[in-house]
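This report refers to the structure that appears directly beneath it.
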Amino acid sequence: MQTKTIQDLLKTKGERPIISVEPDANVFDAVVTMVSNNIGALIIIEGDSVCGIMSERDYLRFIAQQGRTARDTPVHELMTRKVVYVTPDTDLPQVMAIMTEKRIRHVPVMSEKTLLGIISIGDVVKAIGQNQTAQIRVLEEYISDAYPGPARDAATS
């Protein structure tokens, strides 16, 4: 069975708007946007370009380390500027390895300089689990002779 790619995952998720803010937005508004959309990270876009990502973890670090308020701080002061991204043809095990190694839970999907979407570690785990379940089902059907293929002769098996 073929390993699924990020493109397959995006198709399964369906069309969803990419939630983003500009780098000059204040942190409070960015957090409100994340909460109201039930998401854990925002893409930071300036013009047509991705310039950063802000996650719940970035916000928690900000709160723990800064003596400033979220309403008075622009997103660009706490966003992650070096954005790790994947391409549509990246396979799911590779994405899992990247996210684990970099200790990130959200990753944008880019093609050239075009932002196609964002996926979470939860999306990847769910897709890998569904893929493994399908593989197990095929193997069980094969073992029990229920596999839709040419009938096997017990004498030659």
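Only the coordinates and a few stated rules stand behind these numbers; no lab work does. Owing to the predicted nature of the structure, the values given are computational and were not obtained by experimental measurement. Note that we place each Cβ from the backbone using ideal geometry, even for glycine, and neighbour counts take in every protein chain shown.
Rounded to 0.05, the FRET efficiency of the residue 121 and residue 71 pair, given R0 = 41 Å and the Cβ-Cβ distance, is 0.85.
Between residue 15 and residue 49, residue separation times 0.36 nm minus the direct Cα-Cα distance comes to 10.2 nm.
Of the residues 129, 69, 114, the one whose Cα sits farthest toward the positive end of the charge dipole of region 6-143, with +1 on the Cβ of Lys and Arg and -1 on the Cβ of Asp and Glu, is 69.
The P(r) of region 6-143 has a tail past 17 Å containing 62 percent of all C-alpha pairs. Once both labels are positioned 7 Å from their Cα atoms along Cα-to-Cβ, the gap between residue 96 and residue 36 label points is 3.6 nm.
Each Lys and Arg Cβ is given +1 and each Asp and Glu Cβ -1; about its Cα centre, region 6-143 then shows a dipole of about 380 debye. A cut-off of 5 Å between modelled amide H atoms, ignoring neighbours fewer than 5 places along the same chain, links residue 87 with 110.
Grab the Cα-Cα distance for residue 8 and residue 145, subtract it from 0.36 nm times how many residues apart they are, and report the gain in nm with one decimal. Numbers along the way, then the final one.
Working: separation 137, 0.36 × 137 = 49.32 nm, distance 2.96 nm.
Between residue 8 and residue 145, full extension yields 46.4 nm more.
Of all aspartates and glutamates in the structure, the ones whose alpha carbon falls short of 14 Å from that of residue 113, not counting any fewer than 8 places away in one chain, are 46, 48.
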